[in-house]
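This report refers to the structure that appears directly beneath it.
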Amino acid sequence: MTATDKAQLTYVTDTYCIWCWAFGDALREFAEANRDRLSVDVLPAGMLVGERVVPVGQKDRVLEGAERVTEMTGAQFGDDFRAAVREGSTVLDSTVSAVAFWALRRQAPERPLDIAHALQKAWYVDGLDLARPEVLAGVARDLHLDPEQAAQDATDPAVLAEAQAGFERRKTLPVPGYPTLLLHTPAGPKRMGGARVTPEKLTQQFERLMRGEELPAEED
């Protein structure tokens, strides 16, 4: 099956979406298991922009939320993340993280899920500030990409424009919240998944939608 024959999916996410961190492993396993028949692209959503851009210390119950996510999904959070939340000064800015995503994607357009995961790991495991150039460089190295090129691309106005265009595109899609996984069909985009879904359940949902069936409300 050629790339143009594959089913196309869009993963609408945000680096600072805690439920997206919980969903990521299942999504990547699903995408790998079905790589011969589908392609998943990533769209950073712009969850924290404008007045919502504040230091993490000004957000309520972040660590309690992480504990709840772990209890419900098994997703793990690093000690360095917990320390950064307690210290409180790291500013969570979705424009910064989206610029980082698009800068890295320039070098590896075929690896959007890996890039999204690496950026979330930098925060939810390592507690790092993505606004710092050396952090972006470290993420690039972890992905076996050129760190200097990544840092340079992150300062390119065209990359910022790409991030902002992505935020506008998100507004045109049926996205009730994050994470949202959309399968593009002749009848329009169809929602799949959910933060607690398994790779196997995603495959079942995908196959049903490809047959033209609708998912029950509790599954979309």
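Brief remarks on what is shown
- All conditions in (1) part of a helix (DSSP H, G or I); (2) closer than 27 Å to residue 5 by Cα; (3) of a type in the set (Lys, Arg) hold for residue 191, with the sole exception of (1).
- Restricting 155, 198 to residues that are over 30 Å from residue 58 (Cβ atoms), of a type in the set (Val, Ile, Thr) and surrounded by fewer than 22 Cβ atoms within 10 Å (Cβ to Cβ) narrows the list to 198.
- Residue in the stretch 192-199 that is under 28 Å from residue 128 (Cα atoms) and of a type in the set (Gly, Ala, Ser) present: yes
- Among the residues making up the stretch 1-27, those that are within 12 Å of the chain's Cα centre (by Cα) and either of a type in the set (Phe, Trp, Tyr) or closer than 14 Å to residue 206 by Cα (or both) are 10, 11, 16, 19, 21, 23, 27.
- Residue check for residue 15: in contact (Cβ under 8 Å) with a residue 40 or more places away in the chain, in contact with a strand residue (DSSP E or B) (Cβ under 6 Å, 6 or more places away or on another chain) and among the β-branched types (Val, Ile, Thr): no
- Close contacts from the stretch 126-143, counting a first residue that is on the phi < 0 side of the Ramachandran plot and a second that is at pLDDT below 95 and crowded, with 18+ Cβ neighbours inside 10 Å, with Cβ to Cβ under 8 Å and a gap of 6+ residues or different chains, come to none at all.
- Flag if residue 162 is assigned to a helix (DSSP H, G or I), buried (at least 17 other Cβ atoms within 10 Å of the Cβ) and at pLDDT 95 or above: yes
- Whenever a residue of the stretch 157-183 is farther than 21 Å from residue 19 by Cα, it has no partner that is in a strand (DSSP E or B) and among the acidic types (Asp, Glu) lying with C-beta atoms less than 6 angstrom away and at least six residues away or across chains.
- The residues in the stretch 1-23 that are at pLDDT below 95 and outside any helix (DSSP H, G or I) can be counted, and the count is 2.
- Of the helices (runs of 4 or more DSSP H) lying entirely inside the stretch 24-143, those containing at least 3 residues that are crowded, with 17+ Cβ neighbours inside 10 Å, at pLDDT 95 or above and not hydrophobic (A, V, I, L, M, F, W, C) are 94-107, 112-124.
The values are calculated or read from the model by the stated rules, or taken from the named source; none is laboratory data. What you see is a predicted model; the values in this text were computed from it and never measured. Counting neighbours? That spans all protein chains shown, and the Cβs are built from the backbone with ideal geometry, glycine included.
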